[in-house]
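Here is the structure we will look at.
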Amino acid sequence: MSRLAVTRDPLTVEPLVRLLETDAQARGEGCGAVSAFVGVVRATHGGRRVRHIEYEAFEPLALKAFAQIADEVARQWARATVAIHHRVGRLEVGEASVVVVAATAHRAEAFQACRYAIERVKQIAPVWKHEFFEDGHAWVEGASVAPDDEQARLEARARACV
């Protein structure tokens, strides 16, 4: 299993947690904390009932963005590792659309690294969401900043480290 993926398959946290812990143990240290974020399709958005969502991604660039995020996490939190899986295709209400897992030596860093990673996914990953409501549909803006935008990185870190 890869730490970074765009997939049509349902997402779960446990395999990614095991993968990161196995990686940490292979380095001889294990990890003291694992934090996970699971983004789930909501039943409502903007006061409208959601029927389902369809995600699209440009997979080669999405994986490149995920790799950049993983590198940024590793530079900002010593010995941190991160896994990012994003689902594409049709998702029903309650299904997981994105899973981010971060493993670090200590819990505060695990929370921060996980939050930073999802903030950066939202900023730079070429993933688009098409929401279908009971009364129509709408595209939701995807990545909105350049991957090398330093100000965006600083903003993601500020949100992660509040």
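The values are calculated or read from the model by the stated rules, or taken from the named source; none is laboratory data. Treat the numbers as computed from the prediction; the structure is a model and nothing was measured. FYI the Cβ positions are ideal-geometry reconstructions off the backbone, even for glycines, and counts take in every protein chain you see.
Numerical summary
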quantity: Scan of region 128-162 for residues that are in contact with a helix residue (DSSP H, G or I) (Cβ under 6 Å, 6 or more places away or on another chain) and farther than 17 Å from Arg75 by Cβ, ordered by number; calculated: Ala143, Val145, Arg159
quantity: Residue pairs meeting the criteria (Cβ under 8 Å; at least 6 apart or on separate chains; first closer than 17 Å to Ala43 by Cβ, in region 81-102; second of a type in the set (Ser, Thr, Tyr) and in a strand (DSSP E or B)); calculated: Leu91/Tyr55; Leu91/Ser97; Ser97/Tyr55
quantity: Every residue from region 122-154 that is surrounded by 15 or more Cβ atoms within 10 Å (Cβ to Cβ) and over 18 Å from Ile53 (Cα atoms); calculated: Gln123, Ile124, Val145, Pro147, Ala152, Arg153
quantity: Subset of region 65-80 [touching a residue at least 40 places away in the same chain (Cβ under 8 Å) and under 15 Å from the mean Cα position of the chain (by Cα)]; calculated: Ala65, Phe66, Ala67, Gln68, Ile69, Ala70, Glu72, Val73
quantity: Any hit, region 36-57, residues being over 21 Å from Phe132 (Cβ atoms) and among the polar types (S, T, N, Q); calculated: no
quantity: In region 132-148, the residues that are touching a residue at least 40 places away in the same chain (Cβ under 8 Å), over 17 Å from the mean Cα position of the chain (by Cα) and in a loop (DSSP other than H, G, I, E, B); calculated: Glu134, Asp135
quantity: Strands (runs of 3 or more DSSP E) lying entirely in region 1-120 (those with 2 or more residues that are acidic (Asp, Glu)); calculated: 48-57
quantity: Check on Glu95, surrounded by fewer than 18 Cβ atoms within 10 Å (Cβ to Cβ) and out of contact with any Ser or Thr (no Cβ under 7 Å at 6 or more places or on another chain); calculated: yes
quantity: Complete set of residues in region 55-80 that are over 14 Å from Val6 (Cβ atoms) and not aliphatic (A, V, I, L, M); calculated: Gln68, Asp71, Glu72, Arg75, Gln76, Trp77, Arg79
quantity: Restricting region 24-41 to residues that are over 17 Å from His106 (Cβ atoms) and in contact with a strand residue (DSSP E or B) (Cβ under 6 Å, 6 or more places away or on another chain), the residue that is surrounded by the most Cβ atoms within 10 Å (Cβ to Cβ); calculated: Val41
quantity: Failed item in (1) within 21 Å of Glu14 (Cβ to Cβ); (2) at pLDDT 95 or above; (3) out of contact with any Ser or Thr (no Cβ under 6 Å at 6 or more places or on another chain); (4) not hydroxyl-bearing (Ser, Thr, Tyr), with Phe132 passing the rest; calculated: (1)
quantity: When residues of region 52-111 are limited to those that are modelled with pLDDT under 95 and among the hydroxyl-bearing types (Ser, Thr, Tyr), the one farthest from His137 (Cα to Cα); calculated: Thr104
quantity: Near pairs, Cβ below 7 angstrom, 6+ apart or cross-chain, from region 12-24 (touching a residue at least 40 places away in the same chain (Cβ under 8 Å)) to any residue that is in a helix (DSSP H, G or I); calculated: none
